[in-house]
1. Looking only at residues that are of a type in the set (D, E, K, R) and within 15 Å of E90 (Cα to Cα) in the range 137-158, which one is nearest to the chain's Cα centre (by Cα)?
2. Please find, within the range 289-299, the residue that is modelled with the lowest pLDDT out of those that are of a type outside the set (V, I, T) and under 27 Å from G93 (Cα atoms).
3. Among the residues of the range 206-225, what is the count of those that are under 22 Å from T308 (Cβ atoms) and under 26 Å from the mean Cα position of the chain (by Cα)?
4. Give the number of residues within the range 373-409 that are of a type outside the set (A, V, I, L, M) and modelled with pLDDT of 80 or more.
5. Please enumerate the residues belonging to the range 116-132 that are under 20 Å from I86 (Cα atoms) and either buried (at least 23 other Cβ atoms within 10 Å of the Cβ) or among the small types (G, A, S) (or both).
6. Can you tell me which residue is farthest from P48 (Cα to Cα) among those in the range 122-137 that are of a type in the set (S, T, Y) and modelled with pLDDT under 85?
7. Which of the residues belonging to the range 32-63 are under 19 Å from W130 (Cβ atoms) and under 30 Å from the mean Cα position of the chain (by Cα)?
8. How many of the residues in the range 432-462 are β-branched (V, I, T), crowded, with 20+ Cβ neighbours inside 10 Å and at pLDDT below 75?
Amino acid sequence: MTVYGFGFLILGFLAPHASTYSNGRVTKACNTMTPEHGTSVPQTTEPPYSVSASSYLYRPADEITVTLQANPETYFEGFLLQARTIPGNEIIGHFIVTEPKSQTLTCGNNVNSTVTQTDSSKRSNISAVWVAPASGGSVIFKATILQSKPIFWVGIESPELRDSSNANTTSRPNTLRTSSFTPTPSRPPPTYISSNTCGTQKICLSSPSNCDPSKTTNCFFMSSAMSDDGAYHFEISGPSGGYVSIGFSNDQLMGEDDIYSCVINSNGQVEIQHSYSEGRKSPLILPLSNVDVKMAAFNNGVIQCSFTSRNEISTQPPTTQAPTNQTQSSNSSDSYYILVAYGPADNGRIRFHGPNVFSSELKVNLSDTSNVTQKAHSSHIMVKAHGALMLIAWMTTGSLGMIIARYLKTAAKTPILGKALWFQAHLVFMVLTVAATITSFVLSFVVGKGWLYDVSTHAILGCIVMILAFVQPIIAFFRPSPQSNQRYIFNWFHGVNALVMKVLAVANLFLGFQFIDHSFGWMVKVMGGFVGWEALTVILLEFNADLARKETKKLADMENTKESVKYEVYLLLIYLCGNLAFLIALLVGIGLS
């Protein structure tokens, strides 16, 4: 078994174990609360666990401690905890973890709405704090508890919690039971904001283009209209569990922007914030000053707010010595690029939005009411280019370079420019791989003025791959001659370093697809087929090489031996055809995402 082939065994071994979600990242089970454990089905017997709350009455912003408790001499390895409305079965509120082996997840647009484990260690109880929303009616806590991988109970319920601020809540007996349920269909969107007068009475920018927030929940929308006294009337709407923001900028990049945000605060209510963006860090909060709030609401997963601002829009930094109640100074321009962004919020503090941003194609005169067309923000293009280059580098050029160096030394040893053909081909493909990796890294880190996303496993693995890819050609340049006694050290180090890069890069490609294929749909499956196709090719090439070695020992005539090893050329051509088919399919998917 070669080092290269052993790498695919590592990937093959890790893949099924990664799907067990021992780290609690079970976002695919958000709606059904049913873990995907192959053919395993939920238990129907009485669960040896209970779900309880510190109080069964609550008001908005109350903090309720929720406890999952196992019966004596019983334990559990995993859990999923949510609060659900009665009726409606909608996820509601958000959690604060109080124990080191717990973590929160964002399900849909509901930030920190689910609690789960961080590892599969055994425990007999776990607690978390649930923060009640602004309004919710009757609520129950539901839990899925995993005793072991094939044994789990779904929908274990707490007694009912009632909203003491609402006398019209629907009650039911306080019982504990298990239940299976399906995702709740989305309700009609709020109708406070619409696109009816876009292009005639107000400027509008939306994604998807020309969507109407009064008719669909899947619509990010902003509008602006100027009154006779020079005040701006803004409307903002979008599906988010954290915030939706609009910004006014002299370019389409982050930094030096005047921003208004509709943010869900720690009480579960929507508030309006005025801020100034200095770049890739938390924006500087400014006083609202002359802002008249008309409406601020969070309904059915959609944030909406409407307000009038008499603050002058400025892309210049606010004066640090200015009194806190002083507004920004104007830069005497009414034309800006309009940016719309959305993302998570933590107790009213907005967090980085990642690629969730789009902008107007051209600068917009805010005193005009013409229709506005949107242009994908540069970070979207950068993400796509980053992913495409890494895919080409580590699934095509890098793979070809490694396969040629390992299996075609005999079949392609004709000298070209003083070196064997296999070496020249290996050199070209690996230079392309390193160049594409460096370019991709620059796109994601330098051009993007920081991380594309919050620091994550994907970002860390990318840095490791970048470092190893940078070191590899330097080591190759100082390699000893083939006759040197130390040559074997270089050969092993060169091969092992390539293996580590390949394994980490392929694993990171799967992680990267989470950003553009959120439903883990066809692109991830095609990527799996891509890896399987390469693994099959390596197995066949290894089998062919083993036959060639055996034949070499039996035959003294080297000309016959040369003929017998030409099958690797045909295998390489077949592999290349399949490789390009997978590559093109995924590049198209990246382009359309």
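The values are calculated or read from the model by the stated rules, or taken from the named source; none is laboratory data. For clarity, every value in this text was computed on a predicted model and none was experimentally measured. Methodologically, a virtual Cβ is constructed for each residue, glycine included, from the backbone with ideal geometry; neighbour enumeration extends over all protein chains shown.
1. Of the range 137-158, the ones of a type in the set (D, E, K, R) are 142, 149, 157.
So of that shortlist, the ones also within 15 Å of E90 (Cα to Cα) come out as 142, 157.
Working: K142: 26, E157: 30 Å.
This residue is K142.
2. N299
3. Number satisfying all stated conditions: 5.
4. The initial filter retains those residues of the range 373-409 that are of a type outside the set (A, V, I, L, M), namely 373-375, 377-380, 384, 386-387, 394, 396-399, 401, 406-407, 409.
If we keep only those that are modelled with pLDDT of 80 or more too, we end up with 384, 386-387, 394, 396-399, 401, 406-407, 409.
Summing the residues that are of a type outside the set (A, V, I, L, M) and modelled with pLDDT of 80 or more in the range 373-409 gives 12.
5. Those that are under 20 Å from I86 (Cα atoms) and either buried (at least 23 other Cβ atoms within 10 Å of the Cβ) or among the small types (G, A, S) (or both): W130, A132.
6. Within the range 122-137, the subset of a type in the set (S, T, Y) is 124, 127, 135.
Still in the list and also modelled with pLDDT under 85: 124, 135.
On the way: S124: 11, S135: 32 Å.
Across the range 122-137, the extreme among qualifying residues is S135.
7. In the first step, residues of the range 32-63 are kept if they are under 19 Å from W130 (Cβ atoms); the result is 33, 49-63.
M33, A61, E63 - these are the residues of the range 32-63 that are under 19 Å from W130 (Cβ atoms) and under 30 Å from the mean Cα position of the chain (by Cα).
8. Selection size over the range 432-462: 0.
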